[in-house]
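First the structure, in the form of structure tokens, and then the observations on it.
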Amino acid sequence: MKLNLERLLPILVRFLPIFIRLLPIFIRVLPIFERFVPVFVSYILERVLKTLKTEGSIDDYRTRTVRTGKLHYRIDIRLVLTAEQAKIILKGLVTKILRIFDGSKN
């Protein structure tokens, strides 16, 4: 679905003064939620790894996300793979890296 910027732009311009007034409040309030980043990261990792497990790409997993300081986190991911699963994952990873260094987009 393509956005129609001609219709959206007047609406955004109309809300700009409100956003500018609320910006100092956002700057004060948003750091409070920074402490909950490990919870959000763990949730997203759990969803992705659960999908990979149901597809059969991995056998089992364990994740742990810890906040070590302000804007610093430690993420521990442990995967249980068979030799065949590891080969498939590493093959995909190596081809992706080679494409990046090769300069092609696909």
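The values are calculated or read from the model by the stated rules, or taken from the named source; none is laboratory data. Nothing here was measured: the structure is a model prediction, and the numbers come from that model. Cβ sites come from the backbone with ideal geometry, for glycine too, and all protein chains shown count toward neighbours. With ligands, DNA and RNA removed, areas are computed over all heavy atoms of the protein, side chains included. Shrake-Rupley method; radii C 1.70, N 1.55, O 1.52, S 1.80 Å.
Structure summary
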item: Among (1) touching an Asp or Glu at 6+ places or on another chain (Cβ under 8 Å); (2) open to solvent by 100 Å² or more (accessible area, probe 1.4 Å), the one test that GLU84 misses; result: (1)
item: Evaluation of VAL66 against (1) touching a residue at least 24 places away in the same chain (Cβ under 8 Å); (2) of a type outside the set (Phe, Trp, Tyr); (3) surrounded by 12 or more Cβ atoms within 10 Å (Cβ to Cβ) (one fails), failing number; result: (3)
item: Residue pairs meeting the criteria (Cβ under 7 Å; at least 6 apart or on separate chains; first within 15 Å of VAL48 (Cβ to Cβ), in segment 70-99; second surrounded by fewer than 11 Cβ atoms within 10 Å (Cβ to Cβ)); result: ARG78/ARG62
item: Filtered residues of segment 69-81 (kept if surrounded by fewer than 10 Cβ atoms within 10 Å (Cβ to Cβ) and either farther than 30 Å from PRO31 by Cβ or more than 19 Å from the chain's Cα centre (by Cα) (or both)); result: GLY69, ARG78
